[in-house]
1. Kindly indicate whether any position in segment A:77-97 is of a type in the set (S, T, N, Q) and assigned to a helix (DSSP H, G or I).
2. Taking segment A:225-234, which residues are outside any loop (DSSP other than H, G, I, E, B) and buried (at least 18 other Cβ atoms within 10 Å of the Cβ)?
3. Here is a check on your reading of the model: is B:Gly186 more than 14 Å from every other protein chain (Cβ to nearest Cβ), outside any helix (DSSP H, G or I), more than 30 Å from B:Thr46 (Cα to Cα) and not basic (Lys, Arg)?
4. Quick check on segment A:51-76: of everything there that is acidic (Asp, Glu), in contact (Cβ under 8 Å) with a residue 24 or more places away in the chain and part of a loop (DSSP other than H, G, I, E, B), which residue is nearest to the other protein chains (Cβ to nearest Cβ)?
5. For segment B:235-324, please list each of the helices (runs of 4 or more DSSP H) lying entirely inside it that holds at least 2 residues being small (Gly, Ala, Ser) and in the same structural domain as B:Leu168 (by the TED database).
6. Looking at segment A:152-164, is at least one residue over 20 Å from A:Pro77 (Cβ atoms) and basic (Lys, Arg)?
7. Return the residues of segment B:212-246 that are at the interface with chain A (Cβ under 7 Å from one of its Cβ atoms) and in contact with a His (Cβ under 7 Å, 6 or more places away or on another chain); say none if nothing qualifies.
2 protein chains.
Amino acid sequence: MGSCKKTDTVTATTSKDSTATVATSSDPLPSWNDGTLKKDIIAYVTKVTKEGSPDFIPIENRIATFDNDGTLWAEKPYVQELFAFYRVKKMVEAKPELAKKQPFKAVVEKDKTFFEKGGDKALIDLIAATHTGMTEDEFEASAKEFFAGAQYPGKKVPLKQIRYQPQLELLNYLRANGFKTFIVTGGTIELIRAISSDFYGIPKDQVVGTSFKYKFDDAKNAIQRQPALDHFNDKEEKPVGIQLHIGQRPVFACGNEGGAGDIAMLKYASGNKYPSFQLLVNHNDSIREYSYQEKDNLSLNTAANNKWHVVSIKDDWKKVFADK
Amino acid sequence: MGSCKKTDTVTATTSKDSTATVATSSDPLPSWNDGTLKKDIIAYVTKVTKEGSPDFIPIENRIATFDNDGTLWAEKPYVQELFAFYRVKKMVEAKPELAKKQPFKAVVEKDKTFFEKGGDKALIDLIAATHTGMTEDEFEASAKEFFAGAQYPGKKVPLKQIRYQPQLELLNYLRANGFKTFIVTGGTIELIRAISSDFYGIPKDQVVGTSFKYKFDDAKNAIQRQPALDHFNDKEEKPVGIQLHIGQRPVFACGNEGGAGDIAMLKYASGNKYPSFQLLVNHNDSIREYSYQEKDNLSLNTAANNKWHVVSIKDDWKKVFADK
């Protein structure tokens, strides 16, 4: 390594994470407006990475977890839902009689009340029916095909352009400072793994999500996806997913208000023995993104009570979406 | 980054993995005897990392998985068992009436027939009884205390010295060539995570293993370990654990004969679209390590039928155990 002794710690990130090193010079967060929040993020990262400081966090404990829907990309509608509809179309094309069976029938006939009445269970049934019963290799091929062609409703842009530009910069900034970045999503783990490296510079093994049961098929030498939910990675189940996959509490945790899905994860990070940072995205920008709030304001209230940091999309983000 | 442009890809490994960069000069595997196997390992790594070669594997797909017991350290007896006995001692000290209850009674009275008769189930019950019913933070503290004091029976050395020196070199060599190294063990995931970084340079999130069910305790803001098995990471369940945690097939998979536990993992790697390498450790050195074989020789026969590589400890390893 000769001439670069001092830089080894900084470059010591995972292979995909090495795209990170770009943003370190001058302003690491150019799409964030200058203000208290941006200052607080930079102050936190600076103090916990300063060797000898009482707040120093060893590199192996610099774990950062990000929710995905509404935190790294838009969630109106969920990309997971778009993929389920895409799968219905493909499956009905291949086997037209499916169009008479639920939940396929409701999708084909655009019967919204079926899902409104059915709630979470109807949605999970739809996802199970469209995401399982195939090998992992087949599922990944299907997901990649979907992402290559899909556009986001309303915005008419490829799905890659509904990623939040400021968050891409934040991921890069954290990685450039030795943080290992993870996605901890309520979405299904393999759908996000299909694009985590390309969209976010995050390798497949650093994605934690909702999973179905798997079975090793010895004759096919492949993993078969079973139509039974294994882990629903939302709310109190997010710390559970983090323990199983990461094995330690995050020091930096970022989620969003909208479905109260990230409170437990942010709280879990606050129990870390090292200084932690909680960040909650507030969707309050009806012009550039979307505006939606929880009826009881639980996420924002919890953030206020615990002095967690809140991103006001309207005020804190200079630019919302990535160009390409 | 200035002067070290060309070295970035080589140092692009995870933080703990950066201890890896040592072994690249001259002989990367000094504790391996010169011979066909050592030559084959080096030839494989060379060809798959050579850009432009038809065998080239992109860095994000260089996934290497290693079994632990009998592959990275000795398994006569299992360290997991020693830890369970240690926990029984601690638990009985704290609550003497436990000594009258099974499975504690059998351990206290050194009643081997109880476990011989009870088989896998009795062992899992013992592990559940001694490894759960506490928070993750408490479990980790207990595991670290155990490792700090324990000696390996027969050998009278600290547990760190039952690691295989040639395997530590192989892990380093793979990481220096951009492979991401994972432990895929039948042992319980948290016990190995307590030492994976210190013993093997492998971060916690790169350990896949047997797990119990977890529950997030909101009042304690902690994960509580439940006495119910979630995933028993052995045989056909190893590919399942790999899919859940890693999300792709390994290209390099290493296990050992003894309990036929790694055949499915090695087979799973052979289904990779990239060139793969299978390595099976044969425990045939009664003088320096142990000598034990499966009754039906299933692992060695499968290796022979599939042309997998076999480590003869007696012939291929110049030195077996790590000094410290």
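The values are calculated or read from the model by the stated rules, or taken from the named source; none is laboratory data. Quick caveat: nothing in here was measured; it's all calculated off a predicted structure. Backbone-built Cβ (ideal geometry, glycine too); neighbour counts: all protein chains shown.
1. Scanning segment A:77-97 turns up at least one residue that is of a type in the set (S, T, N, Q) and assigned to a helix (DSSP H, G or I).
2. Matches in segment A:225-234: A:Arg225, A:His231.
3. yes
4. Of everything passing the filter in segment A:51-76, A:Asp67 is nearest to the other protein chains (Cβ to nearest Cβ).
5. B:263-270, B:298-306
6. No, because not a single residue in segment A:152-164 is over 20 Å from A:Pro77 (Cβ atoms) and basic (Lys, Arg).
7. B:His245
Residue by residue, here is whether (1) more than 17 Å from the chain's Cα centre (by Cα); (2) crowded, with 23+ Cβ neighbours inside 10 Å; (3) among the β-branched types (Val, Ile, Thr); (4) under 20 Å from B:Lys267 (Cα atoms) holds:
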position: B:Ile192; (1), (2), (3), (4): no, yes, yes, no
position: B:Ile195; (1), (2), (3), (4): no, no, yes, no
position: B:Gly201; (1), (2), (3), (4): no, no, no, no
position: B:Val208; (1), (2), (3), (4): no, yes, yes, yes
position: B:Lys215; (1), (2), (3), (4): yes, no, no, no
